[in-house]
């Protein structure tokens, strides 16, 4: 059931728009964004492929269980809890906030922002408290429904006659400027769909292999190119910095000639309702399960109906989103997302090295002596129980 | 024997009992004439008893014919009688003779799930007939038929059918657990059994498929599902099912490939329309008129010029009308039904728009909703869809178009979170034993 993994890669590749990645990239377009993106593609391709290879060696185990095998329990607990609270939880909240603001701006500007958030946070919280297996099914159905819209949108954008390819070539010419750090960090975010493995590796079976693993770098690079160059093509090399809601404005530059809807903006917003909710669902779901693991070592992937504790956690997370929205303005949200993107970059690198360490430990214990290796695999089996 | 039975049954007037004498031997007979088949009794028992009677020959017949058997335990007598068995006593031994009256000796005509070119026979209200109808279409030696008796008062026979080689053992285990937990006084219809087996009471969507077609049951058995037949009901239950099974009409299997795929797509489009259209109308009119292209927005606004109240009142008004119309035409005798539809649909629809109570666009919306709802092949699922559109309407009153989209996402979440006997309700493709592994994990086995 390896296909579920690639859905994570796809929607994370697209959600960057709600994480203000295009804004960060555009800001540095003359100061090393293009070369930064190239460096990021190299770094992220290596990191994603290495992480995938590492997780392949631990079928059916999420990051918490693997970490428990080789590290002391308290260290694992601290690790998991801080990852849940400082990486996974905020990312969902940031995206929810920026999508809620975008939707409010274009759908009903008169409505108070918090009222709008009730709907979105409610739906996301409800989705996130379901079991891991349910979450996977939701992802697939949602992706199947959204994909036609994405294809329509991309075709519309790339074949558009108003797109100025010279502007794109001009900006691409700045490739020789030394890369800036923030663009590298921001661009690697597009690739981090593979990080969902820390939880969703639990769904994988003994002896699974990632087929078509080249899809991850290929598609993420494609999304990166689209997210950076298409707005430049529409708004020009200088005009592009004028917009707060950059991509919504880009979508609004296109028109549908046939059909009920005239402005592509609405197609775009509908599409991003789905993608944002998917992203928020997954990050919050990971948060909930990480917290539950630190509390009582819970690691089942199937429970229907959703358990009480999950519901309480998701309600708490929804409330946290409210508090966040109440105190933080849109500009501050943008700054928070910048901090988050950089933090995430380092956490990701750390995770990759830890996974490498775990694999090294596994290999060492296997090669040292056979009986101990068997004990090891028995321990893995036991941890999985 | 007769005295005891009469005492136990409080001397019912419809019980026939007599002592017959053919000159050689005496026989006590008792049975309910209303439950038994008189020709069967005459040919099977009375003729051999009266003409050319010889005791060894008669005894040989009782030994050899499977319809006869000895009944040693007197406490079984009343039960057997009530099931339509004849009891007779010769030389201090009580025998039974199965002579149930068969009300149905031929398959019924399909009434609900009709097809154009498929088989036209449907199940009857007789269990044995139904089992034979299924066996006829699924003639495999591996087909298992299990008998259960449910209902404290009705003591209805329930038959479990499955292919022993294909069936998912987990599902079977869960069904047996749930069947043993069924506590009802009288089991009158499969709908009751469906509710009892579904577990949680407040489910919005059916997780068991109800069908009257033996060919559908046969195809489902072939896919490793389990069928339940209830005596006295002309519907069978099939489980576990996925959402897609409810959208499948039997014609899809019988017509040629591309056309049936096209019709399947059409059904899904119709389902989405019937769920979202009233809510979208509210959203477009009251919140987001700018979403549609200008000409369309203007014509919608133009048709609403005379309507004095907000769009959601209009929607509730029209939805109430159409629901009332459907409900009325369902219960009315067929001869009055057409009058109701003409008055309700044509005349009222026309004049309500001319009177300026609702816009003409709303009339179109209502008709599309009703027609699209009828496209759904399964009745139970259609009911759920009919209900769920009100949730969308209510959310769209407060949140407009975004509300509709988010509620649709929530609907997908709900569908995905449902399980039909441990199997996913909505998932694109899941290997057969995938669920098993995760169940093992949930119970404490290996999680991989």
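Annotations
- Helix A:215-235 and the long axis of chain A differ in direction by around 20°, with both axes built from C-alpha atoms.
- Three-way shape label, the stretch B:237-351, alpha-carbon gyration tensor, a/c 1.5: oblate
- Take each residue of peptide A:57-67, count the partner chain Cβ atoms within 10 Å of its Cβ, and average: the result is 1.
- Cα centroid separation, the stretch A:1-59 to the stretch A:214-247 (Å): 14
- Helices in chain A, meaning DSSP H runs of at least 4 residues, each add -39500 (n - 2.57). Divided by all residues, the mean residue ellipticity at 222 nm is -24000 deg cm²/dmol.
- Helical contribution to [θ] at 222 nm, DSSP H n ≥ 4, -39,500 (n - 2.57), averaged over chain B, rounded to 500: -15000 deg cm²/dmol
- Legend: calculated FRET efficiency, residue B:95 to residue B:54, from the Cβ-Cβ distance at R0 = 25 Å, rounded to 0.05, equals 0.90.
- Summarising the label geometry, the points placed 7 Å from Cα in the beta-carbon direction at residue A:74 and residue A:242 lie 5.9 nm from one another.
- Acute angle (nearest 10 degrees) that the helix A:89-107 long axis makes with the longest principal axis of chain A, alpha-carbon atoms: 20
- Anisotropy class of the stretch B:256-417 from Cα gyration tensor, a/c 1.5 cut: oblate
- Each Cα pair under 8 Å and six or more residues apart adds its sequence gap; the mean of these over the residue count of the stretch B:2-98 is a relative contact order of 30 percent.
- Within 10 Å of the Cβ of each residue in B:422-430, the mean number of Cβ atoms contributed by other protein chains is 4.
- P(r), alpha carbons of the stretch A:79-215 - 5 Å bins starting at zero, rounded %: 2, 6, 9, 14, 18, 17, 15, 10, 7, 2, 0
- Highest to lowest packing among B:418-427, A:194-203, scored as the average C-beta count within 10 Å: A:194-203, B:418-427
- Efficiency of FRET between residue A:353 and residue A:312 - r from beta-carbon atoms, R0 51 angstrom, step 0.05: 0.90
- Approximate spin-label separation residue A:53-residue B:154, in nm, with each point projected 7 Å along Cα-to-Cβ: 6.5
- Pairs of Cα atoms nearer than 8 Å and 6+ residues apart set the relative contact order; for the stretch B:108-250 it is 31 percent.
- Between A:76, A:159, A:132, the GNM of chain A built on Cα springs shorter than 10 angstrom shows A:159 fluctuating the most.
- Global geometry of the stretch B:2-98, whether rounded, prolate or oblate, following the gyration tensor of its Cα atoms and the 1.5 cut on a/c: prolate
- Ranked by how many other beta carbons lie within 10 Å on average, peptides A:287-297, A:133-143, B:31-41, B:188-198 from highest: A:133-143, A:287-297, B:188-198, B:31-41
- In terms of the mean number of neighbouring beta-carbon atoms within 10 Å, the peptides A:222-233, B:4-15, A:342-353 order highest first as A:222-233, A:342-353, B:4-15.
- Average beta-carbon neighbours from other chains, 10 Å sphere, peptide B:280-289: 1
- Between the Cα long axis of helix B:294-303 and the first principal axis of chain B there is an angle of about 70°, rounded to the nearest 10.
- Spacing of the two label points (7 Å from each Cα toward its C-beta) at residue A:206 and residue B:17, in nm: 6.6
Bear in mind that the values in this text are calculations on the coordinates, not laboratory data. Please read these numbers as outputs of a predicted model, since none were measured by experiment. We place every Cβ from the backbone using ideal geometry, glycine too, and count neighbours over all the protein chains shown.
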